[in-house]
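Notes for the one structure printed next.
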Amino acid sequence: MTTTGAAMHQAALRALKPRIVIVEEAAEVLEAHLLASLTVACEHCILIGDHKQLRPNPAVYELAKKYNLEISLFERLINNNYPTGCSPISIE
C-alpha cells in the first residue's frame, strides 16, 4: 500500500491492525506521510532505502527547507546516529 493510500484509508488500516510496517524507498518518503501510515497497533517499522540517493520531494520547497521537512525520517535517524535496531547493509 502507498502512503497516500494508507492516509486515505485510515479506517481500513486501523481495522487490519498491522503489527509490522515495511517502508521501501524510505529515504524518499516525507516524514508526515510515513507517520500518517502508522497505527497504534504498529510494533515494528522497517525502513529500507538509500539516504544518499533521492530525497523527498515536498510540494513547497521553500517551506520545507525552512522547517527541515525536506529530510525523510529515514535520513534523520541516520544523521542523528540512531543506533537502536539500525542495520546498515552495503549490497550493490
>> Which residue, 15, 5, 56, has the largest displacement toward the positive end of the dipole of the chain when charges sit on each Cβ (Lys, Arg +1; Asp, Glu -1)?
In response: 15
> How do 25, 62 line up, fewest other C-beta atoms within 10 Å first?
Replying inline: 62, 25
> Per the Debye formula with a single identical scatterer at each Cα and no solvent contribution, what log10 I(q)/I(0) holds for the chain at q = 0.20, 0.24 Å⁻¹?
Replying inline: -1.03, -1.27
>> Suppose every Lys and Arg Cβ carries +1 and every Asp and Glu Cβ carries -1, with no other charges. What dipole size does the chain come out with about its Cα centre, to the nearest 20 debye?
In response: 320
>> Apply the Karplus curve 6.51 cos²θ - 1.76 cosθ + 1.60, θ = phi - 60°, to the phi angles in the stretch 4-21 and return the couplings in whole Hz, x for Gly and Pro.
In response: 5, x, 5, 5, 5, 10, 4, 4, 5, 5, 5, 5, 5, 6, x, 8, 10, 10
> Which ordering of 22, 78 is given by a fewest-first count of other beta-carbon atoms within 10 Å?
Replying inline: 22, 78
>> Roughly how far apart, in whole Å, are the Cα centres of the stretch 64-80 and the stretch 1-16?
In response: 24
> Under 5 Å between amide H atoms, partner at least 5 residues away or on a different chain: which partners does residue 45 have, H built in plane at 1.01 Å?
Replying inline: 21
> For the chain, what is the mean residue ellipticity at 222 nm derived from helices alone (per DSSP H run of n ≥ 4: -39500 (n - 2.57); sum divided by total residues; nearest 500 deg cm²/dmol)?
Replying inline: -8000 deg cm²/dmol
> Relative contact order for the chain using alpha-carbon pairs under 8 Å, separation at least 6, rounded to a whole percent?
Replying inline: 29
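Bear in mind that the values in this text are calculations on the coordinates, not laboratory data. Keep in mind the model is a prediction, meaning the values are calculated, not measured. When we count neighbours, we look across all protein chains shown, and the Cβ atoms used for this are built from the backbone with ideal geometry, even at glycine.
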